[in-house]
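Input: a single structure, listed below in structure tokens.
Nothing in this text is a laboratory measurement; each read-out follows from the coordinates by a stated rule. What you are looking at is a predicted structure, and each value in this text was computed from that prediction instead of being measured. Note that each Cβ is placed from the backbone with ideal geometry, even for glycine, and that neighbours are counted across all protein chains shown.
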Amino acid sequence: MKLRLPFARLLLPLLMVSAVTAFAASPSRVLSLAGPAAVNPGSGVTVVVTVSTDATDGEEIGFFHAEFSTDSGKSWKPVYLDKLGRSASQPINFQAGADGTTALVRVRIAFRGGKAGDVDYSGGPIAWEGSWGKWTTPPAKSISIKVTSK
């Protein structure tokens, strides 16, 4: 059976839309940390956390949990935020510890409100009693900053 030209003109765009819809990419979620590699003892430190989702189904940054340590991980100070929308850039500011220590920042994000449920930046379901509680990757990311006077 031979298609007439007007019918073919209508059919081709429909096939193209169907193909694009069938192979549409899954949502992209971003979690990144940016900070200095080294700082002087007692100096101010800023680590910027950037987080976003491009999901269009109501998903947003539902829970933001960061912690920082100025004593190589012996003690931690928390930073909690929630309902940040679809994107946020959050600075974590603190004073560096003593010479020879390491300043640490770790962050974990729960994306919520979309069809996928509570997911981490990789799109996997959050294991609240598993990887979430143990600060493993995913859902957590971290950065280490040397504190040195040299």
Cα extents of segment 29-147 along the principal axes, largest first, in whole Å, come to 48, 26, 19
Residues with beta-carbon under 12 Å from that of SER69, excluding SER69: net charge, scoring Lys, Arg +1 and Asp, Glu -1?
+1
Sequence-distant residues sharing a close amide H with THR101 (under 5 Å, placed H)
VAL147
Peptides ranked, highest mean first, by Cβ atoms within 10 Å: ranges 98-104, 54-60
98-104, 54-60
Show me 74-81, 31-38 ranked by packing, highest mean number of other Cβ atoms within 10 Å first.
31-38, 74-81
Segment 38-150: relative contact order as a whole-number percent, Cα under 8 Å and 6+ apart
32
Extended-chain gain in nm, criterion 0.36 nm per residue less alpha-carbon gap, ASP71 and ARG86
2.1 nm
If amide hydrogens are placed 1.01 Å from N in the peptide plane, which non-local residues have theirs closer than 5 Å to the one on ALA127?
TRP132
Note, ³J(HN,Hα) from phi for segment 41-47, Karplus 6.51, -1.76, 1.60, rounded to Hz, x at Gly and Pro
x, x, 7, x, 10, 10, 10
How do ASP118, ASP82 rank when sorted from fewest to most other Cβ atoms within 10 Å of their own Cβ?
ASP82, ASP118
